[in-house]
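Everything below concerns the one structure shown next.
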Amino acid sequence: MSVRDEAAGNLHGGPLDGVRVVEMEAIGPLLHAGLMLADLGADVIRVVRPVPVGADDGNDDANSGMLRGRTEVAVDLTDPDGLRRVRELVGRADVLMEGSRPGTMEKLGLGPDVWQQENPGLIYGRMSGWGQEGPLARVAGHDINYLALSGALGQLGPASGPPSPPLNLVGNFGGGSMFLLVGILSALHERQRTGRGQVVDAAMVDGTVSLTGLVRSWQHAGRWSPRRGTNLLDGSAPFYRAYGCADGRFIAVGALEDVFYDRVVRGLGLDPAALPNRWDNTNWDALTEIFGQRFASRERDAWAEVFDELDACVTPVLSLREATFHDHAAQRGAFVDAGGYPMPAAAPRMSSSRGAAPPPGKTDVDAALSRWGDRRRSLTPGG
């Protein structure tokens, strides 16, 4: 589907319209990267392993909401004919994305060295936990492990008790797929000048380290303590944390600036002159106790109504279902139907073009090859 650029009076597909992507089956960040590329208008074909009858592990059903907009082909890469057809497909692609352990694609004869000769314009996106080289490159890991060795996990969670992993948002998606996408889009841009592709080595541990940059800078400047649960943004400051309410639900307070803090105090019905200095962290426990008792006296939605009128950076902590049907999300069309249940809509939003990600579909490799034509992609700059 295209949308109309009202200023120019023209129709535009997505900003990545015409970009051909082969996504090799993988869990975690590659699911998200393929979704975003499809949402931005790329033609994404996902190559998956055939599932033997009776061997379904349920992952396809669980991940179905993340498969929007791609065409799926099932290929046995141990079969020479299947491997040949996938090689033909990659030979016509602009981008290949893979998330296997280092060395796996090379063993299949699908490594980047092959494509430097056969499709030199190919952007070869490699997504891994530890990177393609280094002492941990071939070691197994999951999101929590990459966070642990990046230094990020040690900063997350309360002062008492172990660190708390933030779902898979920071390692898999924040430090993984988003950095892979930045690399792929940058390489596509450079190919316009040089006509040549390159390898993008995206490691979740590298991306997560990058995300700790501000905290590291603050620590160097003496503004961040290495002790968890004692810092401005880690949930220990009384004006930047969540509080329990009378109904067992929570409300989030993000009143960093004085103007918002003053409104929080006013909304809680407290006398600012009777409160200790909030910037002295030796007062934080006392302030947290005062605020906590007040928030615990009313239900969450009652407090939400109070602070709706004050613009104090105070919001209810919503469940996933509540967030889906919140007025702001509804008016922005933040969710779309994914076959009977809501999933996040495409983001970011573009002013004059929009990807038209269709529902996921299945086909065979021959049909995919026919769709992409017989000729290789142009390797000239801008082709």
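Remark: Arg249 matches the filter, which requires a residue to be surrounded by 14 or more Cβ atoms within 10 Å (Cβ to Cβ) and either touching a helix residue (DSSP H, G or I) at 6+ places or on another chain (Cβ under 6 Å) or among the β-branched types (Val, Ile, Thr) (or both). Restricting Pro135, Pro120 to those that are surrounded by fewer than 17 Cβ atoms within 10 Å (Cβ to Cβ), farther than 21 Å from Phe173 by Cα, touching a residue at least 40 places away in the same chain (Cβ under 8 Å) and not acidic (Asp, Glu) reduces the list to Pro120.
Phe307 passes every criterion in (1) closer than 30 Å to Pro15 by Cα; (2) in contact with a Ser or Thr (Cβ under 8 Å, 6 or more places away or on another chain) apart from (1).
The condition of being assigned by TED's automatic domain parsing to the domain that holds Met66, of a type in the set (Gly, Ala, Ser), in a helix (DSSP H, G or I) and farther than 30 Å from Glu118 by Cα holds for only one of Gly154, Gly183, Gly161, Gly141, that being Gly154. Taking every residue in the stretch 25-45 that is within 15 Å of Gly361 (Cβ to Cβ) and pairing it with any residue that is part of a helix (DSSP H, G or I), at least 6 positions away or on another chain, the pairs with Cβ-Cβ distances below 6 Å are Leu35/Met66; Val44/Gly34; Val44/Leu37; Val44/Ala38; Ile45/Ala368. Number of residues in the stretch 345-369 that are buried (at least 17 other Cβ atoms within 10 Å of the Cβ) and either at pLDDT below 85 or not aliphatic (A, V, I, L, M) (or both) equals 5.
Of the listed requirements (1) modelled with pLDDT of 95 or more; (2) surrounded by fewer than 22 Cβ atoms within 10 Å (Cβ to Cβ); (3) among the β-branched types (Val, Ile, Thr), Thr78 misses just one: (1). Of the residues making up the stretch 111-136, those that are of a type in the set (A, V, I, L, M, F, W, C), at pLDDT 95 or above and more than 20 Å from the chain's Cα centre (by Cα) number 3. Across the stretch 170-228, the qualifying residues are those that are in contact with a Pro (Cβ under 7 Å, 6 or more places away or on another chain) and of a type in the set (Val, Ile, Thr), and the one among them that is surrounded by the fewest Cβ atoms within 10 Å (Cβ to Cβ) is Thr194. In summary, Gly197 fulfils each of the numbered conditions (1) within 27 Å of Val22 (Cα to Cα); (2) assigned to a helix (DSSP H, G or I) with the single exception of condition (2).
The values are calculated or read from the model by the stated rules, or taken from the named source; none is laboratory data. On a predicted model such as this, the values are computed, not experimentally measured, just so you know. Glycine also receives a Cβ, built like all others from the backbone with ideal geometry; neighbour counts cover every protein chain displayed.
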